[in-house]
Amino acid sequence: MNITAYALKRPRFAFLAALLLILSGLWLVLDFPSTEEPQITIRTATVLTFVPGASVERMEQLVARPSEEAIQTLPEVRRVKTTVRPGFAFSYVELEPDVSPQALPAVWQRLRNRLADVQPRLPQGATGPLVDDEFGRVAVLTLGLTGPDYTPGELREQARQLRDRLYQLPGVERVTLHGLRDEQVEVSLDLPALAAQGLTPTAVADALARSNIVAPAGFVNAGGAQLALQVSGDAANLAALEQTLVALPRGGWMPLGQLARVARVPLAPASTGAFVNGQAAAVLAVSMDPGLNVISFAEHLQEKIRRLQTHLPPGMTLVPITDQAEVVSKQLRQVGQVFLETTVIVMGIVVLFLGLRTGLIVGAIVPTTVLVSLVAMKLLGIDLHIISIGAIIIALGLFVDNAIVVAEDMERRLALGQPREDAAAEAGRSMFVPLLVSSLAIILTFTPLVLSQTETGEYLRSMGIVMAIALLLSLVLAVTVTPLLCQRFARHHAELSRTARAVESLTDWYRGKVRWVLRHKATYIGAMVALLGAAGWLFAHVPSELMPASERRQLQMGIELAPDSSGDATLATAGRISQALADASRFPEIQSHAIYVGDGGPRFILALNPPTPASHRAYAVLTLAPGVTHAQALARLREALPRQFPEVRFEPKRFSMGSAESGLAVFRLSSADGQSHVAAAARLTQALRALPGIVELSSDAERAIPQLQVQVDPLKAASAGLSHAEIARQLDLLLAGQAVTQFRDGDTLLPVVVRGPLAIRDHVEQLRAAPLQRPDGSGTVPLGQLARVELAAQPSVLQRYNQERTLTISARHASWTAQVLADAVAAEIDTVQQDGQVRVALGGEIEENASANGAISALLPACVLAMFLLFVWQFGSLRKSLIVLASIPFVSIGAALALQLTGTTLTFVGTLGLLALAGIIVNNAVLLLDAIDEARASGMPGPDAIEDAAAKRLRPIVMTKMVCILGLVPLYLYGGAVWTSLAVVMMGGLALGTLITLGLIPALYAVAYRVPAPAATSA
C-alpha cells in the first residue's frame, strides 16, 4: 500500500506517532548514555611468570617457550608478544577480532587451563603463570591520594577504605588501586652479634616462624558449649615482635631485638609507585557500568568524593588526574555548535531555494530525524560519543535530501495543476522507490564497515549503523510527515525564489553543454577517464594514516633509565622528575601530572599504550595548561627534561585515537637464526636517524646488564659441608631476604622478612665476607673462601613475537605519517631482507591500517554486487544499472584534488568518506535516468529526452548537493581532527563529482542506448 496515501488518510495518527517519537527523543536526550569513545571489546590478556634468579636465556627456554606453545594451541589466539627479563616473563595474548564478547570468558578460562598444565614443568620456585583478562577496562575518573606527611602504608590503607566506600555508589563497576607501595616488616640481622652468640640467620628465622603464629589449637566442650582454644603468640606490635626469644646454642635465650633491627619499611626493591604533582600518591581508578551517561555519573561521583574528602585525615587530599566527563562535556559543546551551524546552513539553503514556508517544512525533518534516531540508538544500545555524534552530523546533510526531493516534486505537480492532496500523495509515491534505492545505496557502502571484524572496524562500526538509522528514518518521515505538512501549509509559488531563478538561469547554458557532450561523447568520456587516472596518481601521493592524533589536552611520556637500574633508583628518579614538572616556573606548559613507576597505571582511554612493566621504567600522564598547544608542550619537554636528567630517556607524545598509536612507524625484525636481525636493526636504525625531521627513534633492544657470578669451588664447598643449593639458599636469605611469617595489623598482613644488613647488600666488596653457616653447626665460613665472585654481562631483555625472537624499531617524524616514513626507508628494508635470512614486518598503525582496509576490501565486492542488483530491481535494466555503477569512480577526482589542495592526510575515516560518496553520487544518476525514461516515454526523441531531463533535474541536483557540501563545512572547521579527512573528501568529491556526472551520465546513456548526436540546428 502507498505509505504516503495511508498517512494522508490518517493524518491525526501520523502526526501523533511522530509527536510521540519526538517527545521520546527529547526525554532521552536529557540523560542519554554517553562516553568519550565507542566501547569496544578488548581481546587482550596478560600473562606474568616469575622465577627469581633465572637468567634471560633460562627464562626464555624454561618459561617463555613452553608457555607460548601452550597459548598457541588455542585457535582463537591471533598473536603472542612476550618480553623476557631476568626472573620474569610478561606476555600479551591477543585474540582474533572475530571472537565474540560472549565467548571471551570461556576462552580466557581455557587459557588458564592450558597454562595450569604448563606450571608443573616450570622451574622450582616459579610463581605463575598469572593471567589478567581485565587488561582493557577503561576508567572514567582517576584520582591521586596524596599526603606529604604520611607513609606509603598509611596512604595504601586510606586508599583501600576509599575504594570500599566508592563501591557503594550506584553505577560504579570497578575501583582499582595503582602505585601502592606495599610494606614489610624487615628483620635486619646484626651479623657480628649473631656470630658472638654462635647463632645462624636460619635459627633466627625458625624462631620467628615458631613464635609469631595464628594457628588452630582445637576445642573443648563445656556444659554443652564448644569453646575454641587460642594459643598466644600473635605479635600485637613491633615491640612484641622484638621480644621474640631466640634459643642460644650454648643454652639460654636472647630477645630478637638484641640480634637484629626490626622495622616496618616499604617493600624493597620497589616494584610500583606513583607521584602526582610532585608528591608520592596512591591512585584510584573508577570504571562505570555500561549504558550510563558519563556526565551524570560523574556528577554523582564527584559529590561522593567531596563527602569522602571531608573525612580524610588532615593533610591528605584527592587530586584529579583524568576525568572523562570533562572531555565528553567539551565534545558535546563542540558538537552542539557544529550541529546548530550545520542545521542553520541546511535550512538556509532550503529556504533560499524553496521559499520560507516550504523551506521550514523541509527543515523540520532535521530535528525530527535526529530525535527519532536517538530512540533507535537507545534501543540498539549505541551510546553518544565522538563517532556516533559525527555520524549524525554527516547524515544531516544527506537525509534532508529526501524531504527536499519530495517537496520539490510536489511543487512541480502543483505547478502542473494537480490538486493538493493528489500532488502530495503522488510526490511521496513516485519518489519513494528512487529515494529508497539512493538511501540503501549509501547504507550498502557502509556495510563493509559494519561487518568488518577488526579493532578499527569495531571502533567505527556505530558510524555505519547510525547513518543507516538516520537515512531510513528520514525516508519514512519524508514520504509521510513532509507531504502532510506540505499539503496543509505549503503554497504553490507562481515565481521561483531568487536562488532558484539563478540556478534556472543556468539551464540554457547547461542545455548547450549537454548538446556538446552528446556530439563529442567519445572525447568527453575519454577526458573523464584520463582525469580518473590522474586522480589515481594523486591518491598514490596523498599521505595516509589510520587515525589522527587525539585532541585530548594531555600528553603521555615514557621514562626509561638504564636497564640495570633498581626499582628503588627508578622510584627516586621519578620523584625528582615529578618535582621538576610540578615547578611552574620551569614547566609552565604543564598544569598537572601523574607518574607511575613499574607499570602504566590505569587505562583511561582505549589507545593507552604504556611501556611494558619493568623495574627501570616509569610512565607519565601530563595535563596541558590552558592556552598551551601540544606542540609547545612537547618542545619544552624534549628540550628541558634531557638537559636536567641526562641519564634518563624521555618519550613525550600525544595520545592516539583507536587501537594504534598515530604517526608511529613500527618495524619488527626477526631472523631464522635468531641473531642476524640484530645487525640488520642497527643498519635500519642508522638509515632512520639519517632522515631529517626525526623526533623519536627507539628500539626495544637494551644494552647488556652486569651480573655477579658466584663460581663455587666444588672441593672447598664439599670440605665445608656445603652444597651449591645450600650456598644459594643462604645468600638469598642474606641478600634478598626470606619471608618467614606474617605481621597482622588489623586486616592487613605484612610479610616478616629476615635478611642481612644493608652494608652487605649495598657494597659488592663486602660480599666475599658474607658468612655461610656450616651445616654441622661448627661455625661459619666466608663466601670468599669457597667461591670466586666475578662480574659478567647478561642480556637485559629478549623480545618474542609469535614464538620468534624479534627486535622492534619505532620512529616518528615531525610532519610525516607513519606510511611516508616507512616508504622513505623502503630501499634499506629491501637491502637487509635480500639474503632471505632477515624478515622485516611493518607493525603498529601501518599494520592496523592494512588490516582495516583489507577487511573493507574483502567485503566491498559483495556490497557492489548488492548495489548492482538494487539498481536492476529499480530500473529493470542491466544497461542503466551499469551506467550508475560506472559513474561512481569519478567522484574520486574531486576527492583527490581536495586532499592535495588542502594538504590533508587520508585517514581510514576519510576512506569511509570515499565509500559514502559512492552511495551519494548515484542519486544524481538515478534522478537523471528516471527523468530520461519519463521524457522518452512521452514520445521525445533520444537527444531531446536527454537534454530535457538533464535541464529538468539540474535544480534539485544542485540544491541537494549544495546542502550536502555546505552542511559539511562546520564539521570540517570545528568537528575535530577525526572528521577533517572525511569532510575534505566528501566536499571535494561532491563538488567536482556532481559537475562531472551532470555531463557523464548523459554521455554514458547516449553510448549505451546508441542515441545519435543532436542535429546541428539544436545548438
- Scan the helices (runs of 4 or more DSSP H) fully inside segment 151-261 and keep the ones with 2 or more residues being in the same structural domain as residue 751 (by TED's automatic domain parsing) and out of contact with any Gly (no Cβ under 7 Å at 6 or more places or on another chain). 191-197, 201-211, 238-242
- Hits in segment 215-240 - residues which are out of contact with any helix residue (DSSP H, G or I) (no Cβ under 7 Å at 6 or more places or on another chain), hydrophobic (A, V, I, L, M, F, W, C) and either at pLDDT 85 or above or closer than 19 Å to residue 748 by Cβ (or both): 236, 238, 239, 240
- Note on the structure: Subset of segment 380-427, residues in a helix (DSSP H, G or I), under 38 Å from the mean Cα position of the chain (by Cα) and of a type outside the set (A, V, I, L, M, F, W, C), comes to 388, 390, 397, 401, 402
- Only one residue in 790, 804 is of a type in the set (Asp, Glu) and either surrounded by 12 or more Cβ atoms within 10 Å (Cβ to Cβ) or within 42 Å of the chain's Cα centre (by Cα) (or both). Which one? 804
- Give the residues of segment 913-928 that are among the hydrophobic types (A, V, I, L, M, F, W, C) and modelled with pLDDT of 85 or more, sorted by residue number. 914
- Query: If residue 1011 satisfies every condition in (1) assigned to a helix (DSSP H, G or I); (2) at pLDDT 85 or above but one, which is the exception?
  - Reply: (1)
- Is it true that residue 638 is in a strand (DSSP E or B), modelled with pLDDT of 90 or more, under 29 Å from residue 546 (Cβ atoms) and charged (D, E, K, R)? no
- Message: What's the number of the only condition in (1) closer than 28 Å to residue 250 by Cβ; (2) buried (at least 16 other Cβ atoms within 10 Å of the Cβ); (3) touching a strand residue (DSSP E or B) at 6+ places or on another chain (Cβ under 7 Å) that residue 769 fails to meet?
- Response: (2)
- Message: Against the conditions (1) farther than 22 Å from residue 194 by Cβ; (2) outside any loop (DSSP other than H, G, I, E, B); (3) of a type in the set (S, T, N, Q), where does residue 766 fall short? Just the number, please.
- Response: (1)
- Note on the structure: Condition set in a loop (DSSP other than H, G, I, E, B) and under 16 Å from residue 578 (Cβ atoms), scope segment 135-150, selection modelled with the highest pLDDT: answer is 147
- Give me the pairs: first residue in segment 863-892 and free of Cβ contacts under 8 Å to residues at least 60 places away in the same chain and under 24 Å from residue 451 (Cα atoms), second residue of a type in the set (Lys, Arg) and outside any helix (DSSP H, G or I), beta-carbon distance under 8 Å, and six or more apart or on different chains, which are they? none
- Query: Would you say residue 664 is touching a Gly at 6+ places or on another chain (Cβ under 7 Å), farther than 23 Å from residue 837 by Cβ and of a type in the set (A, V, I, L, M)?
  - Reply: yes
- Message: Quick check on segment 569-586. Is at least one of its residues touching a Lys or Arg at 6+ places or on another chain (Cβ under 6 Å), at pLDDT below 95 and not aromatic (Phe, Trp, Tyr)?
- Response: no
- Note on the structure: When every residue in segment 490-529 that is among the hydroxyl-bearing types (Ser, Thr, Tyr), part of a helix (DSSP H, G or I) and closer than 26 Å to residue 417 by Cβ is compared, the one modelled with the lowest pLDDT is 499
- Out of 896, 855, 886, which single residue is over 20 Å from residue 977 (Cβ atoms), modelled with pLDDT of 90 or more and among the small types (Gly, Ala, Ser)? 896
- Note on the structure: Residue hits (segment 695-746; without any contact (Cβ under 8 Å) to a residue 12 or more places away in the chain and assigned to a helix (DSSP H, G or I)) are 714, 715, 718, 719, 725, 729
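Let's see how each residue does on (1) surrounded by fewer than 17 Cβ atoms within 10 Å (Cβ to Cβ); (2) of a type in the set (S, T, N, Q); (3) closer than 26 Å to residue 185 by Cβ:
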site	(1), (2), (3)
225	yes, no, no
236	yes, no, yes
241	no, no, yes
246	no, no, yes
253	yes, no, yes
280	no, no, yes
283	no, no, yes
288	no, no, no
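The values are calculated or read from the model by the stated rules, or taken from the named source; none is laboratory data. Since the structure is predicted, the reported quantities are computational estimates derived from the model, not experimental observations. Every residue, glycine as well, gets a Cβ built from its backbone with ideal geometry; the counts of neighbours run over all protein chains shown.
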